[in-house]
Amino acid sequence: AAPPVAAKSAAARDDRLHVLHSWSAHGALDPLVVTGASGVHFHDESGRRWLDFSSQLVNVNVGHQHPKLIAAIKAQAEVLCTVAPYHANPATSEAARLIAEVAPGDLNRVFFTNGGAEAIENAIRMARLHTGRHKVLTAYRSYHGATAGAITATGDPRRWASEPGAPGFARFWGPYPYRSAFHAATAHEECERALAHLADTIMVEGGQGIAAIVLEPVIGSSGVLVPPDGYLQGVRALCDKHGIMLIADEVMVGFGRCGEWFAVDRWKVVPDLITFAKGVNSGYVPLGGVIMSDAIAASFESRAYPGGLTYSGHPLACAAAVACIGIYKDEGIIDHARRLGDEVIDPALQAIQKRHPSVGDVRGLGVFWAIELVRDRNTREPLVPFNASGADNAPMTMFAAACKQQGLWPFVVGNRLHIAPPLIIDEQTMREGLAIIDEALATADRYCVG
Ligand code: PLP
């Protein structure tokens with residue numbers, strides 16, 4: 001049971017009295033009070049140290065309290081903390097140049113926001129203005145943020161409470177080989193059928209009226225779903241055929257998470273717009289944005305772009321982005337992430353899958369993986385039902401508790417554990433974390449049939 005409120009620290013007490021937390025029913029909340037962090041660890045007010053296997057919300061890519069990032073923020077604070085977005089300033093200009101340099105193709109111009117949802121709102125606005133069309137297609141298994149348009153674009157259950165949402169959105173099924181919506185038996189079949197389904201969706205929604213397809217190149221919080229080779233290329237071809245803008249939502253997977261600057265790079269696909277946030281500066285100061293193609297940028301050469309934010313291009317956030325991109329380059333973090341995925345995480349998870357009947361599927365790329373838990377490997381019945389809560393969710397709660405007992409902070413979504421530590425994690429610590437998960441899975445195995 002939670003200790004009585006009187007025994008709590010001032011931070012815990014004031015939190016309970018005055019802070020409304022995201023996505024939570026407050027009666028049951030007892031949040032950890034985090035008082036510090038370093039590298040791949042953070043600690044709470046009791047002094048307990050946690051191995052951060054979720055990078056908070058999959059954003060602390062270069063690890064906690066990186067000295068160069070802190071120094072850059074301090075240095076910028078000494079010079080210019082804030083400025084209106086109609087001015088130029090060195091931090092914002094340099095961040096935009098560096099982002100354009102690592103972005104694929106002719107995506108050369110950046111509109112800065114405070115985070116991912118605003119990036120989605122603005123990318124959709126740009127696509128609509130550029131094409132003169134309104135409709136937007138998005139995937140059922142997706143999350144794009146919690147503002148009006150972004151939550152409507154979202155496919156996963158977080159959208160339900162905000163429905164009916166904004167007009168003009170339609171949804172489709174993307175590839176998910178383990179739970180194929182297309183009864184496919186191979187990755188190749190899944191790819192072909194998912195593309196045929198998308199082509200049909202475009203046909204019945206009216207391709208000439210569709211402004212954009214928004215998709216996460218590797219789907220993040222809705223499953224860590226890596227598309228089969230050929231899928232993103234196929235989506236690009238469909239967009240080209242119908243004059244639809246392809247918006248790649250790289251908020252979670254951009255900036256190294258999948259072992260590439262952007263996840264689309266793995267398939268050499270160039271979207272028309274990329275949304276980013278999180279990893280751009282590892283979340284040290286809120287920042288997001290949209291990177292647009294030259295053609296879309298040209299749309300706003302002679303007509304005004306009808307959107308803005310007081311903090312667009314905030315100097316502290318942009319100075320953090322400049323430093324963070326420098327760290328990715330100087331420390332070879334993106335190559336490290338790719339190698340860690342291929343050489344350490346993938347084989348370790350394959351071995352874990354063999355040992356545990358509750359592990360139905362393992363999948364991922366770079367330092368971004370999921371273990372999908374089932375009651376029965378034959379039927380693939382999930383360990384907990386879709387969108388489970390309360391008692392229905394007990395098996396996952398118990399599994400998460402077993403991870404926490406060993407000092408690992410897990411990222412649990414539905415019937416999955418997502419594995420997303422900071423990209424700087426060394427091989428030894430990665431193996432230690434995976435060993436904790438291996439042991440904790442015994443808790444999940446107990447719920448398996450047979
Ligand atoms: N898009 C994706 C793919 C995300 O994962 C998220 C957040 O997790 C968002 C958009 C929304 O970003 P924010 O929470 O910064 O608004």
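The values are calculated or read from the model by the stated rules, or taken from the named source; none is laboratory data. Everything numeric here is computed off the predicted structure, so don't read it as measured data. Reconstructed Cβ throughout: ideal geometry from the backbone, glycine too, with neighbour counts over all protein chains shown.
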TODO: Show the residue pairs that are 6+ apart or on different chains and have beta-carbon atoms under 8 Å apart, the first residue being within region 195-224 and in a loop (DSSP other than H, G, I, E, B) and more than 16 Å from the ligand (Cβ to nearest atom), the second being at pLDDT 95 or above and of a type outside the set (D, E).
DONE: G206/K135
TODO: State yes or no: is A37 assigned to a helix (DSSP H, G or I), in contact (Cβ under 8 Å) with a residue 12 or more places away in the chain and more than 16 Å from the ligand (Cβ to nearest atom)?
DONE: no
Task: Cross-chain or 6+ apart pairs with Cβ under 6 Å, region 307-327 first and among the polar types (S, T, N, Q), then part of a loop (DSSP other than H, G, I, E, B) and surrounded by fewer than 24 Cβ atoms within 10 Å (Cβ to Cβ) - done: S312/P85
Open item on the list: I need the full set of residues from region 8-26 which are over 26 Å from Y143 (Cα atoms), without any contact (Cβ under 8 Å) to a residue 12 or more places away in the chain and of a type in the set (G, A, S), in order please.
Closed with: A10
Open item on the list: Quick check on region 369-393: of everything there that is aliphatic (A, V, I, L, M) and under 25 Å from the mean Cα position of the chain (by Cα), which residue is surrounded by the fewest Cβ atoms within 10 Å (Cβ to Cβ)?
Closed with: A388
- [ ] Test each condition in (1) assigned to a loop (DSSP other than H, G, I, E, B); (2) aliphatic (A, V, I, L, M); (3) farther than 30 Å from T310 by Cα for A12 and report the one that comes out false.
- [x] (1)
TODO: Of all residues in region 394-412, count the ones that are crowded, with 17+ Cβ neighbours inside 10 Å and more than 23 Å from the chain's Cα centre (by Cα).
DONE: 2
Open item on the list: I'd like the full set of residues that are among the small types (G, A, S) and over 17 Å from L198 (Cα atoms), limited to region 219-268.
Closed with: G220, S221, S222, G223, G254, G256, G259, A263
Task: Residue, farthest from the ligand (Cβ to nearest atom), within region 132-151, restricted to residues that are in a helix (DSSP H, G or I) and surrounded by 20 or more Cβ atoms within 10 Å (Cβ to Cβ) - done: G149
Task: Subset of region 86-120 that is in contact (Cβ under 8 Å) with a residue 60 or more places away in the chain and of a type in the set (D, E, K, R) - its residue that is nearest to T275 (Cα to Cα) - done: E118
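To keep it simple, each residue is scored yes or no on (1) of a type in the set (A, V, I, L, M, F, W, C); (2) surrounded by fewer than 18 Cβ atoms within 10 Å (Cβ to Cβ); (3) touching a Ser or Thr at 6+ places or on another chain (Cβ under 9 Å).
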{"position": "R16", "(1), (2), (3)": "no, yes, no"}
{"position": "L20", "(1), (2), (3)": "yes, yes, no"}
{"position": "V33", "(1), (2), (3)": "yes, yes, yes"}
{"position": "L51", "(1), (2), (3)": "yes, no, yes"}
{"position": "H66", "(1), (2), (3)": "no, no, yes"}
{"position": "E78", "(1), (2), (3)": "no, yes, no"}
{"position": "Y86", "(1), (2), (3)": "no, yes, no"}
{"position": "A91", "(1), (2), (3)": "yes, no, no"}
{"position": "E121", "(1), (2), (3)": "no, no, yes"}
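How about region 93-116: which of its residues are surrounded by fewer than 24 Cβ atoms within 10 Å (Cβ to Cβ) and not charged (D, E, K, R)?
S93, A96, L98, A100, V102, P104, G105, N108, N114, G115
Does S180 satisfy the condition of being small (G, A, S), over 21 Å from T131 (Cβ atoms), surrounded by fewer than 24 Cβ atoms within 10 Å (Cβ to Cβ) and within 16 Å of the ligand (Cβ to nearest atom)?
No: the conditions fail for S180.
Any residue at all in region 370-383 that is modelled with pLDDT of 95 or more, within 30 Å of H336 (Cα to Cα) and among the basic types (K, R)?
no
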Open item on the list: Among the residues that make up region 353-369, is at least one of them on the phi > 0 side of the Ramachandran plot and not assigned by TED's automatic domain parsing to the domain that holds A127?
Closed with: yes
Task: Some residue of region 152-170 being away from the ligand (no atom under 12 Å from the Cβ), touching a helix residue (DSSP H, G or I) at 6+ places or on another chain (Cβ under 8 Å), among the aromatic types (F, W, Y) and assigned by TED's automatic domain parsing to the domain that holds R303 - done: yes
Open item on the list: Pairs please, first residue from region 422-440 and without any contact (Cβ under 8 Å) to a residue 60 or more places away in the chain and over 20 Å from V58 (Cα atoms), second anywhere and hydroxyl-bearing (S, T, Y) and surrounded by 15 or more Cβ atoms within 10 Å (Cβ to Cβ), Cβ atoms under 6 Å, 6+ apart in sequence or on different chains.
Closed with: none
